[in-house]
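To keep things clear, I will list the structure first and then write my remarks on it.
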Amino acid sequence: MIVVTGATGNVGRPLVAALVAAGEQVTAVSRQIPTTQLPTGVRHHQADLTEPKNLKPVLDGAKTLFLLTSGDFMAAGGNLSDVVDVIRAGGVQRIVLLSSQGVSTGEHSSELEDAVTQSGLEWTILRSGGFHSNTLQWADAIREHRTVTAPFGDVALPTIDPADIAQVAAAVLRDASHAGNVYELTGPVEISPREQTAAIADALGEPVRFVEQTRSEAKAAMMQFMPEPLVESTLDVLGAPSAGLRRVSPDVERLLGRPPLTFAQWATRNLAAFR
């Protein structure tokens, strides 16, 4: 049995579906009750990783666990070592952790990865770049005004489709030979916010205007829902990414046997959000 945390998010939902399609028994764990029906046969358990003991009921019989921490986990004082202790005590043998490409470049802390790699369990690390789906934050403005407002309009990064992350995670969870490996997951090409806006416009068949914010304007908007240190570090990455963060990794194609999905493909598949 495979346990999937973060099971109702952009990665977790397609991951659960991919595992079920492959014939695996899955327990889906999330902080919230699912708003859409899970695949037939999937058991759901509501738990917040900031309270690791709440995971105990789903670990009996589980051999592998997909570990995804939300953006709120660290802000709420979560300690991943405590979570891993509960997972290990529950008899799980291998953890697949979704991490960040920024760990490879030193722009993000390795704290979460260290909790897993130093656990004594088998592990696989998936270091992902930014998600195509981050552009869903533009959906309201596109629907209402056919406008996108964002900073650093021409700074490009190789964002990735969450569906590709899910497919890679499913393959890795089902094959123990990936234990001890670290994979970097990116999209097929670098793409800028202005280019993403154009791809959404092409999918809609209507013009969408791009308005570039200054850094200070973006900071003011982001501080409405993020702490200032995180806002500053995020803007640093978006405005002046290192060469490592701009690098397109071959790992998705190597693991899946096909190129990563493009942003245009993602936009077409998610067009209803922008109509």
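List of remarks:
- Matching entry among 8, 64, 40, 105 (being β-branched (Val, Ile, Thr) and under 28 Å from residue 247 (Cβ atoms)): 105
- Among (1) at positive phi; (2) within 16 Å of the chain's Cα centre (by Cα); (3) modelled with pLDDT of 95 or more, the one test that residue 23 misses: (2)
- When segment 194-244 is limited to residues that are among the aliphatic types (A, V, I, L, M), more than 18 Å from residue 133 (Cβ to Cβ) and out of contact with any Phe, Trp or Tyr (no Cβ under 9 Å at 6 or more places or on another chain), the one that is surrounded by the most Cβ atoms within 10 Å (Cβ to Cβ) turns out to be 231.
- The one condition in (1) closer than 21 Å to residue 136 by Cα; (2) surrounded by 14 or more Cβ atoms within 10 Å (Cβ to Cβ); (3) of a type in the set (D, E, K, R) that residue 253 fails to fulfil: (1)
- Counting only helices (runs of 4 or more DSSP H) wholly contained in segment 1-86, the ones carrying 1 or more residues that are farther than 21 Å from residue 123 by Cβ and charged (D, E, K, R) occupy 12-21, 72-75.
- Exactly one residue out of 54, 10 is more than 16 Å from the chain's Cα centre (by Cα), at pLDDT 90 or above, polar (S, T, N, Q) and surrounded by fewer than 23 Cβ atoms within 10 Å (Cβ to Cβ): that is 54.
- When residues of segment 128-149 are limited to those that are more than 26 Å from residue 245 (Cβ to Cβ) and either of a type in the set (D, E, K, R) or within 19 Å of the chain's Cα centre (by Cα) (or both), the one least open to solvent (accessible area, probe 1.4 Å): 146
- The set of residues from segment 220-275 being of a type in the set (Gly, Ala, Ser) and in a helix (DSSP H, G or I) comprises 220, 221, 233, 239, 243, 244, 264, 267, 272, 273.
- Any hit, segment 173-189, residues being of a type in the set (Lys, Arg) and in a helix (DSSP H, G or I): no
- Of all the listed residues (242, 249), the sole one being of a type in the set (S, T, N, Q) and modelled with pLDDT under 95 is 242.
- For segment 98-122, the tally of residues that are within 18 Å of the chain's Cα centre (by Cα) and either in contact (Cβ under 8 Å) with a residue 24 or more places away in the chain or open to solvent by less than 60 Å² (accessible area, probe 1.4 Å) (or both) stands at 14.
- Taking the criterion of being at pLDDT below 90 and open to solvent by less than 50 Å² (accessible area, probe 1.4 Å), the residues of segment 70-96 that qualify are 70, 73, 78.
The values are calculated or read from the model by the stated rules, or taken from the named source; none is laboratory data. Keep in mind that this is a model prediction, so the values were computed, not measured. Cβ: placed from backbone, ideal geometry, glycine included. Neighbour counts: every protein chain shown. Accessible surface areas use protein heavy atoms only, side chains included; no ligands, DNA or RNA. Shrake-Rupley method; radii C 1.70, N 1.55, O 1.52, S 1.80 Å.
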